[in-house]
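Input: one structure, supplied below.
The values are calculated or read from the model by the stated rules, or taken from the named source; none is laboratory data. Small disclaimer: the values here were computed from a predicted structure and weren't measured. Cβ coordinates were reconstructed from backbone atoms using ideal geometry, including for glycine residues, and neighbour counts include every protein chain displayed. Heads up: the accessible areas ignore ligands, DNA and RNA and are worked out on the full protein's heavy atoms, side chains in. Shrake-Rupley method; radii C 1.70, N 1.55, O 1.52, S 1.80 Å.
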Amino acid sequence: MSNLQAVRGTKDYFFEEQAKFSKVVSVATEVAKLFAYQEASTPILEFSEVFKRSLGDYSDVVNKEMYSFDDRKGKSLTLRPEFTASIMRAIITNGLYNQMPMRIFSWGPLFRYERPQKGRMRQFHQINVENVGTDSPFSDAEVISLGHMVLTKLGIGNDRFSLEINSLGDKDSRQKYLGKLVEYYTKYATSLSEDSKLRLEKNPLRILDSKDAGDKKINQDAPKIHEYLNADSARHFDLVKQNLSDLGIKYNINHLMVRGLDYYNHTAFEFVTSELGAQGALIAGGRYNGLISQLGGKDYPAVGFGGGIERMAELMRHSKEPTNLVSIISLCSDAVSESYKLAHKLRESGIASMVEEGTNLSKSMKKALEREAKYALFIGEEEMASGQYKLKNLQERKEQNFTLEKLIEVVQKNEF
Ligand code: HAM
């Protein structure tokens, strides 16, 4: 294979695709601001320990998907596979405790060595929110409503996704539940898939979201966590559900959804679509009280989510923003330098413009139409002498002469 290929599972973005990508980022940034989030970014490289201590030794991400390597001093570094652990590490490193509660929005690239397929990349990108320092069930519902608003504002209607929620309870509830789960699965140990046999030893909860047909059958009668939630955990989950209903957000309870990262407790949620084949989760997250202290910091509760930018972009139907681009077409070689001066003046007035190279009128017009310019501005000897320029609205197929001043005004105000 030629070295000139993009690395498997990575992708180059151009034009239309990049426009959709950027739109997801700008809409999410705007919605996060409506919820009073502030932006932060952390390095893409972290000590491997940060993720090993956060995501769980037996999570798929730590076990088989991290891009880890030793640097020249022999320190193990990892390209971040997710944001949450990095952000919590950064809170500890920078001692940001006096700013609690804190709302942090980030976006950027992440890396997981997974088998690439539709909607699953090795370098992918997330928008990510973390609401740190509050244990209130209202904040769980609020974080979910933020995700819901991002999808809505991207034009992804709620007939195209569903919201699945579950409670993983607190530590005590889960301990009790795990005992019951192990008891149940041990009865079927020989029939479980090879992966799930291993999970039974290392991380029995993960058997619940196994994709293996045999495991799925066994899962049907597995004990359900909600039967083992203690009073506090049950109350927390009830309030989350109540608040979601109050906000008019529909949800399904999915007892089998346990999430692939080990730090979650209480609320877990995923916005899923059936339009992307097997990789249906658009936005996923939950509550993760205890992670900061697990990493060596103070004990603060937190809730958040990550949303796959590529997956959301894939679902967007319209991405093209209408532009006011003015293509300047020189009618003779003497007009070329004047064209560049005009382009500069338009840009100084906040109007996008470019000079079509060459003086062949039909070729220049073809180029202007290809780049979907809204206007063509013609400049030849006559125009240079009179200071009156012919402006053609390429979409509405009308044209008129204007002085430069008037031309700038009508384009700025969208009046021609
Ligand atoms: P996650 O479920 O691993 O959670 O990922 C969140 C989202 O990232 C997924 O729902 C999906 O849209 C996208 N995603 C994940 N892997 C890939 C991939 N290989 N290719 C394309 N998109 C992908 C987390 O990462 C948690 N840190 C979320 C969180 C934040 N929980 C609390 N705060």
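What pairs can you find where one residue is in the range 142-156 and under 13 Å from Glu270 (Cα atoms) and without any contact (Cβ under 8 Å) to a residue 12 or more places away in the chain, the other is outside any helix (DSSP H, G or I) and open to solvent by 10 Å² or more (accessible area, probe 1.4 Å), and their Cβ atoms are less than 8 Å apart, with a gap of 6+ or different chains?
If the second residue must be outside any helix (DSSP H, G or I) and open to solvent by 10 Å² or more (accessible area, probe 1.4 Å), no pairs are left.
Step by step: first the residues of the range 259-311, then only those that are open to solvent by less than 30 Å² (accessible area, probe 1.4 Å) and farther than 29 Å from Phe21 by Cα, then the one that is nearest to the ligand (Cβ to nearest atom). Which residue is that?
Ranking the qualifying residues of the range 259-311, first place goes to Leu291.
Could you please find all residues in the range 86-122 being surrounded by fewer than 16 Cβ atoms within 10 Å (Cβ to Cβ) and either on the phi > 0 side of the Ramachandran plot or without any contact (Cβ under 8 Å) to a residue 12 or more places away in the chain (or both)?
Thr93, Asn94, Gly95, Asn98, Gln99, Arg115
Inside the range 150-239, counting only helices (runs of 4 or more DSSP H) that do not spill past its ends, which hold 3 or more residues that are aliphatic (A, V, I, L, M)?
Of the helices (runs of 4 or more DSSP H) lying wholly inside the range 150-239, those with at least 3 residues that are aliphatic (A, V, I, L, M) span 171-187.
Restricting the range 7-50 to residues that are open to solvent by less than 80 Å² (accessible area, probe 1.4 Å), more than 15 Å from the ligand (Cβ to nearest atom) and assigned to a loop (DSSP other than H, G, I, E, B), which is farthest from Leu110 (Cα to Cα)?
Within the range 7-50, the match that is farthest from Leu110 (Cα to Cα) is Ala36.
Please work out if Lys320 is open to solvent by 10 Å² or more (accessible area, probe 1.4 Å), more than 30 Å from Leu239 (Cβ to Cβ) and either touching a strand residue (DSSP E or B) at 6+ places or on another chain (Cβ under 7 Å) or at pLDDT 95 or above (or both).
So Lys320 fails the test.
From the set of residues in the range 138-164 that are farther than 17 Å from Glu30 by Cβ and in contact with a Lys or Arg (Cβ under 8 Å, 6 or more places away or on another chain), which is farthest from the ligand (Cβ to nearest atom)?
Asn158
Do the conditions hold for Asp60, that is, is it more than 20 Å from Glu314 (Cα to Cα), open to solvent by 20 Å² or more (accessible area, probe 1.4 Å) and within 11 Å of the ligand (Cβ to nearest atom)?
Judged against the criteria, Asp60 is a match.
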